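Asks: Pasting a structure below so you can have a look.
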Amino acid sequence: MSSGNLVTAKCHALLPTGGAGTRLGGDLPKQFQQLAGKPMLAYAIEAFMESPQIESIWIGVAPGFIDNPILKGLAKGKKPVHFLPTGGPTRQETVRNTLGALLEAGISINDWVLVHDAARPGVTAELIKKLIDSVQGSHVGGLLAMPLADTLKKADLDSVIAGNIPHSEKTISREHLWQAQTPQMFGLKTLHDALEEAIRQEADITDEASAMELSGFKPLLIEGATRNFKVTHPADWELMQLLLHSLSKK
Ligand SMILES: Nc1ccn([C@@H]2O[C@H](COP(=O)(O)OP(=O)(O)OP(=O)(O)O)[C@@H](O)[C@H]2O)c(=O)n1
Ligand SMILES: C[C@](O)(CO)[C@H](O)COP(=O)(O)O
């Protein structure tokens with residue numbers, strides 16, 4: 001990573017919102033559906049808006065959604081929010097395209113970018129600060145993550161292929177295993193190039209850190225929070241709704 005990536009480099013948020021939300025279902029992609037009174041995407045935007053260390057917010061939207069009126073109501077606040085038609089067929093392509101747009105817009109190649117799922121509305125300004133304070137000054141970058149708490153089972157492939165209730169084949173040690181969350185914070189150009197290379201190789205990457213690992217980096221694992229879970233299935237939606245409602249009553 002470039003040596004320019006020191007404490008003085010600015011930080012920007014990048015929210016990939018090009019997904020269809022098929023596992024959740026509904027009339028709209030989940031990030032635009034109303035969750036406890038506002039579109040789910042609004043919570044992440046607000047957390048970054050409240051974070052003094054964040055300079056600007058960049059949102060990668062599916063091209064077919066870029067003129068949707070829902071987006072207009074989401075850009076409230078004191079710092080610039082840019083909606084870009086950079087959504088791609090996969091999460092990593094959306095992130096790569098949006099990073100490309102930041103570079104084209106003249107953002108410094110050494111600035112930090114915090115990539116955050118629109119589907120994690122439980123993020124807070126405190127968590128964002130914790131990540132930035134832990135990672136800024138390093139030459140590597142890092143991500144929020146949670147040490148694995150449950151015992152981990154590997155399903156027997158035969159039972160999976162047969163479509164039966166899976167059998168547990170073995171227990172995998174959970175020692176040193178972490179569950180990746182977002183934000184994930186890396187240097188703009190370094191992350192762009194790592195994703196470009198991973199996409200070129202058709203590598204099985206599911207987050208920014210896996211692209212960085214493929215390029216030989218070892219991102220810092222910074223402990224996140226349970227409330228920062230990803231809303232993927234209807235049960236996650238219900239749980240998040242309860243959490244946000246109870247927090248708004250405090
Ligand atoms: N082509 C894609 C796919 C996903 N995402 C974004 O990546 C984040 C995490 O993805 P996930 O929760 O899996 O969302 P979806 O891909 O929309 O969900 P599903 O797989 O159920 O369709 C979300 O903010 C989603 O909008 C994206 O920007 N572009
Ligand atoms: C980036 C991520 O949220 C880290 O846990 C996760 O990998 C996204 O996975 P998805 O399959 O796109 O939901």
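Asks: Name the residues in region 106-122 that are in a loop (DSSP other than H, G, I, E, B) and away from ligand 1 (no atom under 12 Å from the Cβ), would you?
Replies: Hits for region 106-122 are Gly106, Ile107, Ser108, Ile109, Asn110, Asp111, Gly122.
Asks: Here is a follow-up. Name the single residue that is modelled with the lowest pLDDT among those in region 5-42 being within 19 Å of Gly100 (Cα to Cα) and more than 13 Å from ligand 1 (Cβ to nearest atom).
Replies: For region 5-42, the residue satisfying everything is Asn5.
Asks: Just one of the numbered conditions (1) outside any helix (DSSP H, G or I); (2) within 24 Å of Pro39 (Cα to Cα) is not true of Gln92; which one?
Replies: (1)
Asks: Residue check: is Pro63 surrounded by fewer than 17 Cβ atoms within 10 Å (Cβ to Cβ), free of Cβ contacts under 8 Å to residues at least 60 places away in the same chain and within 13 Å of ligand 1 (Cβ to nearest atom)?
Replies: The answer is yes for Pro63.
Asks: Is it the case that region 123-130 has a residue that's more than 30 Å from Ser248 (Cβ to Cβ), modelled with pLDDT of 95 or more, open to solvent by less than 60 Å² (accessible area, probe 1.4 Å) and not charged (D, E, K, R)?
Replies: No: region 123-130 contains no residue that is more than 30 Å from Ser248 (Cβ to Cβ), modelled with pLDDT of 95 or more, open to solvent by less than 60 Å² (accessible area, probe 1.4 Å) and not charged (D, E, K, R).
Asks: Which residues, counting only those in region 19-46, are within 13 Å of ligand 2 (Cβ to nearest atom), more than 17 Å from Ile59 (Cα to Cα) and open to solvent by 30 Å² or more (accessible area, probe 1.4 Å)?
Replies: Thr22, Arg23
Asks: Mind listing just one residue for me: the one in region 87-109 that is more than 16 Å from ligand 2 (Cβ to nearest atom) and in contact with a strand residue (DSSP E or B) (Cβ under 9 Å, 6 or more places away or on another chain) and, of those, least open to solvent (accessible area, probe 1.4 Å)?
Replies: Leu102
The values are calculated or read from the model by the stated rules, or taken from the named source; none is laboratory data. Since the model is a prediction, treat every value here as computed from it, not as a measurement. A quick note on method: Cβ atoms are made from the backbone with ideal geometry, for glycine too, and the neighbour counts reach across all protein chains shown. Note: accessible area is taken over every heavy atom of the protein model, side chains too, but ligands, DNA and RNA are not part of it. Shrake-Rupley method; radii C 1.70, N 1.55, O 1.52, S 1.80 Å.
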